[in-house]
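The values are calculated or read from the model by the stated rules, or taken from the named source; none is laboratory data. Since the structure is predicted, the reported quantities are computational estimates derived from the model, not experimental observations. So basically every Cβ, Gly included, is an ideal-geometry build from the backbone, and we count neighbours across all protein chains shown. For accessibility, only protein heavy atoms count, side chains too; no ligands or nucleic acids. Shrake-Rupley method; radii C 1.70, N 1.55, O 1.52, S 1.80 Å.
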Amino acid sequence: MRVAILGCGYVGLELGRQLTDAGHDVVGVRRSDAGLDDIEAAGFEAVRADLTDAESLAAVPDADWLVYAASAGGRGVDAARAAYVDGLRTVVETFGARASPPDRLVYTSSTGVYGDHDGGWVDESTTPDPATDRQRVLVEAERIALEADPMDGTVVRFGGLYGPDRYRLDYYLDGPVTEGYLNSIHRDDAAGVVAHLLETDRARGEVILAVDDDPVSKWAFADWLADECGRPHAPKQTVEERAAAGEVSRRVRANKRCANDRLHELGYELRYPTVRDGYRPAIDAFRDD
């Protein structure tokens, strides 16, 4: 199949590698010279385009599958709206009007849209309750993806991404570590989930949670990591204690456990079933230093 990965960054590069290795014809789309260089280094075609500019998108060839994995250039809500809503809407309208429109669209979102559930479980049937304006933008973008025409849309909500160049050893080893649950997914599995849904032709019109099997307590994970690295346990703090020392965002207060039952029903096998498995390369590297 011909695949276009729009906003081909951290997950997109790995997805492109996996799909290329599986025999698909992959194009990665970025705006910057550095981004284009990264795509070429990953072993597939790079195309420069601005996802918010319909004329610019003319440079992207027709594709059977679109993956929209753009990230906002800044943390503010305006940057998020431009990247997630304006860009996605432009992509859907532009590619949908082509003589050979895509068959499928996958939009990568976040489990942050659920907001706070006081440590309770959430899954695909749970109504989003975004805690921030940025997360509300993500929900709006999800709607655009699911209503895309004539292509079939799928929304994949990633847990916290980690992996090469994104291990947070310093935070968990040095602390203070704020209470709550980690809902995580390794970069390779995040890409693997999207590839699996496309290649098996599953989850059309669905929202899928992409998280690992164990939403572990941050405190428990920090202690385990310290033991593995031969370090003393990091100091801990409750949300209330952190708030007493300064402002705490609603994102930090959001506490939940994300279930991945549907992901298993769809036949995906995690390469890193838990964050403990996924952090093993970082632990080994720390020990070797």
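List of remarks:
- Estimated [θ] at 222 nm from DSSP helical runs (n ≥ 4, -39500 (n - 2.57)) normalised by residues in the chain, nearest 500: -10500 deg cm²/dmol
- For LEU266 and GLU228, a Förster radius of 45 Å and the Cβ-Cβ distance give a FRET efficiency of 0.90, rounded to the nearest 0.05.
- Restriction of the GluC sites (Glu not before Pro) in the range 43-125 to DSSP coil positions whose beta-carbon has at most 12 other beta-carbons within 10 angstrom yields GLU55.
- Scaling against 2.2 N^0.38 Å puts the C-alpha radius of gyration of the range 209-288 at 1.35.
- Dipole moment magnitude, nearest 20 debye, the range 142-204 about Cα centre, only Lys, Arg, Asp, Glu C-beta charged: 60 debye
- Karplus-derived HN-Hα couplings along the range 50-66 (A = 6.51, B = -1.76, C = 1.60, θ = phi - 60°), whole Hz, x at Gly and Pro: 9, 5, 8, 10, 4, 5, 4, 5, 4, 6, 8, x, 4, 9, 6, 10, 10
- Taking every C-alpha pair closer than 8 Å and separated by at least 6 residues, the mean separation divided by the residue count of the chain gives a relative contact order of 17 percent.
- Net length available on complete extension from GLU40 to ALA285 is 85.5 nm, with 0.36 nm assigned per residue and the Cα-Cα distance removed.
- Orientation-averaged projection of the range 58-184 equals 9.5 nm² [convex hull of Cα atoms, one quarter of hull surface area].
- Calculated FRET value between HIS117 and ALA59, using beta carbons and R₀ = 45 Å, to 0.05: 0.55
- Surface per residue (accessible, 1.4 Å probe) for the chain, Å²: 44 Å²
- Accessible surface of the range 198-289, 1.4 Å probe: 43 percent of it comes from carbon and sulfur atoms.
- Computed FRET value (nearest 0.05) for ARG276 with VAL239, which takes r as the C-beta separation and R₀ as 25 Å: 0.55
- For the range 39-109, the share of alpha carbon pairs falling in successive 5 Å distance bins from zero is 3, 15, 25, 26, 18, 10, 3, 0 percent.
- Rg over Rh, two decimals, the chain (C-alpha only, Kirkwood Rh): 0.97
- For the range 31-162, with all protein chains in place and a probe radius of 1.4 Å, 44% of the accessible heavy-atom surface sits on carbon or sulfur.
- Net charge of the neighbourhood of ASP53, taken over other residues with C-beta under 14 Å away and scored Lys/Arg +1, Asp/Glu -1, is 0.
- Scattering from the range 1-77 was approximated by placing one identical point on each alpha carbon and applying the Debye formula without solvent; log10 I(q)/I(0) at 0.14, 0.24, 0.26 1/Å stands at -0.39, -1.10, -1.27.
- Summing charges over all other residues whose Cβ lies under 14 Å from the Cβ of PHE95, with Lys and Arg as +1 and Asp and Glu as -1, gives -4.
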